[in-house]
Amino acid sequence: MTTPTPADQLIDVHAHFVTDRYVAAARAAGHEFPDGMAEWPSWDVGTHLALMDRAGIRTSVLSISSPGTHFGDDDAARELAREVNEFAAGIVRDHPGRFGSFASLPLPDVEGSLAELAYALDVLGADGVAVETNAHGTYLGHPALEPVWAELDRRGAVTFVHPTSPPRWEAVSLGRPRPMLEFIFDSTRTVADLALSGVLARYPRIQWVFTHGGGALPLLADRIELFRTVFGGGDPAGDDGGPVPEQLRRLWFDMAGTPFPRQVPALTAAFGDEHLLYGSDWCWTPFDGALAQVASIDAAEQPPRDTWRALTTRNATGLLPRLARGD
């Protein structure tokens, strides 16, 4: 892989970290094999920077992946969210220009999430917040979560939504790691819930970021709209945000996973490329896998008079202006 010029440096909005304390808390809660994966990954800042330098990534925005920080006890979740958010803020502070962070919220604890988002955004200077596609079976269109969306909307906050295992995953996962299929479907499920419940319409200032090329949304957006308009599949009490495909064009999507040769072309055909972002999914994607994914992006057919690197970085600095300044 050739060394990219500064103009071609990527901004990675989907990069993860773990800490020993976080992994220990998750294991104690029964997540020995997280989401059906064989093991927990390791993470350290030196290896992450080495990956970034090899792949031509200027800045990585850190977040906690599935299973999040809430393992059943509100007080413990608040403490763990605060700990990982302060850890990420320290990494950002120690490496100017190389890292950002999306702060974890302890959903479904609404009161704790409101307190943590205020602390993370106002005190720690986080670039946004990170939530899972469902919180112990509560999907993001549920009325109980509206106070969180109202506050994030007031702030115009970036809200990164990472997939997690669905409730009763044992019945549908076929014994396979849930990131293979269920993560894709759970992202699709929660976006449909946000649209059909009217959340996207009621809180238009939230900058929602969804992962893995939008999951199955490029194929299902028209079907969701058909059921909304013909079969009454929406929420009669929800605000009408207009056709679902148009609502989804306002969302942001990263290209973590397998973007080429099929997923990104399907996504951009459905929703355009103005909100397309780069994502590595490191450290849950191994070092060599992350490099291979970047190589596939560079080898793919590029957009007219542009490159995927330049396009996604331009989009990212529009979404996260701090990163354009290299702070």
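Kindly evaluate residue 313 against the criterion of being part of a helix (DSSP H, G or I) and buried (at least 20 other Cβ atoms within 10 Å of the Cβ). Taking the combined requirement at face value, the residue satisfies it. Looking only at region 7-22, residues that are touching a residue at least 40 places away in the same chain (Cβ under 8 Å), more than 19 Å from the chain's Cα centre (by Cα) and either assigned to a strand (DSSP E or B) or exposed (fewer than 12 other Cβ atoms within 10 Å of the Cβ) (or both) come to 1 in all. With respect to the conditions (1) in contact with a Leu (Cβ under 9 Å, 6 or more places away or on another chain); (2) loosely packed, with under 15 Cβ neighbours inside 10 Å; (3) touching a residue at least 60 places away in the same chain (Cβ under 8 Å), residue 283 lacks only one, and its number is (2). Does residue 277 fit the bill of being under 27 Å from residue 48 (Cβ atoms) and in a helix (DSSP H, G or I)? So residue 277 fails the test.
Restricting attention to region 143-168 and to residues that are touching a helix residue (DSSP H, G or I) at 6+ places or on another chain (Cβ under 6 Å) and touching a residue at least 60 places away in the same chain (Cβ under 8 Å), the residue that is nearest to residue 72 (Cα to Cα) turns out to be 165.
Within region 178-202, residues that are closer than 16 Å to residue 256 by Cβ and part of a helix (DSSP H, G or I) have Cβ atoms under 7 Å from residues that are among the polar types (S, T, N, Q) and at pLDDT below 95 in these pairs: 178/165; 182/165; 182/173, counting only partners at least 6 apart in sequence or on another chain. Among the residues of region 156-215, how many are in contact with a Lys or Arg (Cβ under 7 Å, 6 or more places away or on another chain), among the small types (Gly, Ala, Ser) and either modelled with pLDDT of 95 or more or surrounded by fewer than 22 Cβ atoms within 10 Å (Cβ to Cβ) (or both)? Total meeting the criteria: 1. Taking the condition of being assigned to a helix (DSSP H, G or I) and in contact (Cβ under 8 Å) with a residue 60 or more places away in the chain, how many residues in region 51-85 meet it? Residues flagged as assigned to a helix (DSSP H, G or I) and in contact (Cβ under 8 Å) with a residue 60 or more places away in the chain within region 51-85 amount to 5.
Test residue 310 against the criterion of being aliphatic (A, V, I, L, M) and in contact with a helix residue (DSSP H, G or I) (Cβ under 6 Å, 6 or more places away or on another chain), and give yes or no. So residue 310 fails the test. Residues of region 317-325 include at least one that is among the hydrophobic types (A, V, I, L, M, F, W, C), in contact with a Phe, Trp or Tyr (Cβ under 7 Å, 6 or more places away or on another chain) and assigned to a helix (DSSP H, G or I).
Within the group 29, 25, which residue is farther than 19 Å from residue 280 by Cα and surrounded by 18 or more Cβ atoms within 10 Å (Cβ to Cβ)?
Exactly one residue qualifies, and that residue is 25.
Look at residue 305 and say whether it is surrounded by fewer than 20 Cβ atoms within 10 Å (Cβ to Cβ), at pLDDT below 95 and among the charged types (D, E, K, R). Judged against the criteria, residue 305 is a match.
The values are calculated or read from the model by the stated rules, or taken from the named source; none is laboratory data. The shown structure was predicted, so the numbers you read here are calculated from the model rather than taken from an experiment. Because the Cβ atoms are built from the backbone with ideal geometry, glycine has one as well, and the counts that use them run over all protein chains shown.
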